[in-house]
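K.L.:
Mind looking over this structure? Questions follow.
Just so it is clear, none of the values below were taken in a lab; they were calculated from the coordinates. Remember, it's a predicted structure, so these values are computed and weren't measured experimentally. Glycine also receives a Cβ, built like all others from the backbone with ideal geometry; neighbour counts cover every protein chain displayed.
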């Protein structure tokens, strides 16, 4: 049996942006992140690859939804926020390529898990929390 990866994330109300659609997307990302974590130390490279592809695709969709909302609302931090998304997505994509390239899969999985958790928690807790009140103030 493979060692258990203990890097999990649980939704906390403190993560809420106040925008229901985006909070639901954050919860889905957490679900995918935890699904990845459950597989990360296994030898099932195909399953790990499949969840990483799901995570990449869903994260990109989420980023686009956030950016469209911010752009439409003329959010003053839009460019900065979008740049954070771009940097993170590039990093995640690079780690996926490294994983698929066969470079010590378990080590790369540990790096992916750590990167995902750290980025997700800090990005939502800081950057995303800033746009929530702004967007919510514009709702009728």
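K.L.:
By how many degrees, 0 to 90 and rounded to 10, does the Cα axis of helix 78-100 deviate from the longest principal axis of the chain?
P.N.:
10
K.L.:
Given the rule -39500 (n - 2.57) for each run of at least 4 DSSP H residues, summed and divided by the residues of the chain, what is its mean residue ellipticity at 222 nm, to the nearest 500 deg cm²/dmol?
P.N.:
Calculated at 222 nm, the ellipticity per residue is -24500 deg cm²/dmol.
K.L.:
Helix 20-39 against the longest principal axis of the chain: what's the angle in degrees, Cα atoms only, rounded to the nearest 10?
P.N.:
Relative to the chain, helix 20-39 is tipped by roughly 10 degrees.
K.L.:
Related question: Using 0.36 nm per residue, how much length does the chain from residue 91 to residue 54 gain when fully extended, once their Cα-Cα distance is taken away?
P.N.:
Working it through step by step, the gained length comes to 11.7 nm.
K.L.:
Return 84, 13, 100 ranked ascending by Cβ neighbour count within 10 Å, so the fewest neighbours appear first.
P.N.:
Lowest to highest Cβ neighbour count: 13, 100, 84.
K.L.:
Something else: Compute the separation of the alpha-carbon centres of the stretch 75-91 and the stretch 46-73 and state it in Å as a whole number.
P.N.:
A separation of 13 Å, based on Cα centres.
K.L.:
Would you kindly state how much longer the chain becomes between residue 126 and residue 79 on full extension, computed as 0.36 nm times their sequence separation minus their alpha carbon distance, in nm to one decimal?
P.N.:
Length gained, residue 126 through residue 79: 15.4 nm.
K.L.:
Quick one: if the Förster radius is 22 Å, what FRET efficiency do residue 11 and residue 64 give, using the C-beta to C-beta distance and rounding to 0.05?
P.N.:
Once the sixth-power term is evaluated, E becomes 0.50.
K.L.:
Same structure, new question: Taking the number of other C-beta atoms within 10 Å as the exposure measure, put 92, 52 in order starting with the fewest.
P.N.:
Going from least to most buried by this count: 92, 52.
K.L.:
Would you mind calculating the relative contact order of the stretch 19-138 from Cα pairs under 8 angstrom and at least 6 residues apart, reporting the percent as a whole number?
P.N.:
The value is 36 percent.
K.L.:
Still on this structure, I have one more. Calculate, in nm to one decimal, what residue 47 and residue 115 gain on full extension: separation in residues at 0.36 nm each, minus their alpha carbon distance. Don't skip to the end; give the middle numbers.
P.N.:
On the way: separation 68, 0.36 × 68 = 24.48 nm, distance 1.94 nm.
Net length gain for the segment: 22.5 nm.
K.L.:
Further question: What distance in nm lies between label points placed 7 Å from Cα along the C-beta direction at residue 24 and residue 107?
P.N.:
A separation of 4.2 nm, rounded to one decimal place.
K.L.:
With a 10 Å Cβ neighbour count serving as the proxy for reagent exposure, in which order, fewest first, do 19, 29 appear?
P.N.:
Fewest-to-most Cβ neighbours within 10 Å comes out as 29, 19.
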